[in-house]
Ligand SMILES: Nc1nc2c(ncn2[C@@H]2O[C@H](COP(=O)(O)OP(=O)(O)O)[C@@H](O)[C@H]2O)c(=O)[nH]1
Ligand SMILES: [Mg+2]
């Protein structure tokens, strides 16, 4: 799956990538240097290799890849990014996006489009101006993409959890069924009396009910290592697709890790003595996730 992030220089492409996928703190993006030509990164998600293309937006590069449209080929999801803090750039961004759509037309491709109206925050920017710019941006950009499977999002790197969810939803948007499962799981998690974290095997968080366990899409390093170690045991010692692991200490703290189909992991932290109702809910959730893993596998082989 190829995702292309495009937009004028300084609109926030590299920051978006860094905060959502690469565990950077929003503040740390201030020292990023401008992307030269373009950068590709690979990110595994639910067993798929997701390629993320960050196209440097400076004028000289824009010209260059407009002349070599092959770099845009095979894009499944196009994410055009608009800098809401820079309304004077809107017209230029519009021209750029229209040029891109021309290339896709020529290549006979029709990616899904998620427009990011980005920097939707008042960090170093006035709130009133922001609202005006959102209105203006909607007028300018929303109907460029009307022939496409299109949606738009108001985004900011300073809302890291929301951003991670947006990317997660975009990544699973190609699988209608998966989306329903994620939404269902998300609801269930709210009323389970235990800490639950659902991730893929590489540590991309899909859903959780614990504060502070992830940075963007990425699960905390120690828990990621835990999954990784268990996954190695599953593969080399159990030699099976699925496995479960349990640990406890003397105080009655309990941790369980389930791996379903070498692709999905569920971590549960709970007291040893847990009420029946909660345990029932946990069991239902686990069954659901097992099914979810099956769905992912069959989606891949389609
Ligand atoms: N306020 C605010 N600043 C942002 C946001 N995203 C990126 N920036 C800042 O915009 C500047 C340019 O970002 P960068 O990612 O290098 O832009 P690129 O040229 O499109 O890759 C950096 O100083 C970032 O800190 C955002 O959501 N809100
Ligand atoms: Mg950049």
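The values are calculated or read from the model by the stated rules, or taken from the named source; none is laboratory data. Since the structure is predicted, the reported quantities are computational estimates derived from the model, not experimental observations. FYI the Cβ positions are ideal-geometry reconstructions off the backbone, even for glycines, and counts take in every protein chain you see.
Points to keep in mind about this one:
Residue by residue, here is whether (1) more than 31 Å from the chain's Cα centre (by Cα); (2) under 25 Å from residue 299 (Cβ atoms) holds:
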position	(1), (2)
240	no, yes
245	no, no
249	yes, no
253	yes, no
258	no, yes
265	no, yes
269	no, no
275	yes, no
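- Any hit, region 57-73, residues being near ligand 2 (Cβ under 9 Å from one of its atoms) and either crowded, with 21+ Cβ neighbours inside 10 Å or in a helix (DSSP H, G or I) (or both): yes
- Subset of region 25-38 that is more than 6 Å from ligand 1 (Cβ to nearest atom) and touching a residue at least 40 places away in the same chain (Cβ under 8 Å) - its residue that is farthest from residue 61 (Cα to Cα): 25
Okay, residues lined up against (1) assigned by TED's automatic domain parsing to the domain that holds residue 113; (2) at pLDDT below 95:
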| site | (1), (2) |
| --- | --- |
| 132 | yes, no |
| 137 | yes, no |
| 150 | yes, no |
| 182 | no, yes |
| 190 | no, yes |
| 198 | no, no |
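- Checking residue 34 against (1) within 13 Å of ligand 2 (Cβ to nearest atom); (2) not in a loop (DSSP other than H, G, I, E, B), the condition it does not meet: (2)
- A single entry from 71, 82 fulfils the requirement of being over 13 Å from residue 11 (Cβ atoms), at pLDDT 80 or above and in contact with a helix residue (DSSP H, G or I) (Cβ under 7 Å, 6 or more places away or on another chain): 71.
A quick yes/no check of all residues on (1) outside any strand (DSSP E or B); (2) within 14 Å of ligand 1 (Cβ to nearest atom); (3) within 21 Å of the chain's Cα centre (by Cα):
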position	(1), (2), (3)
4	no, yes, yes
23	yes, no, yes
44	no, no, yes
92	yes, yes, no
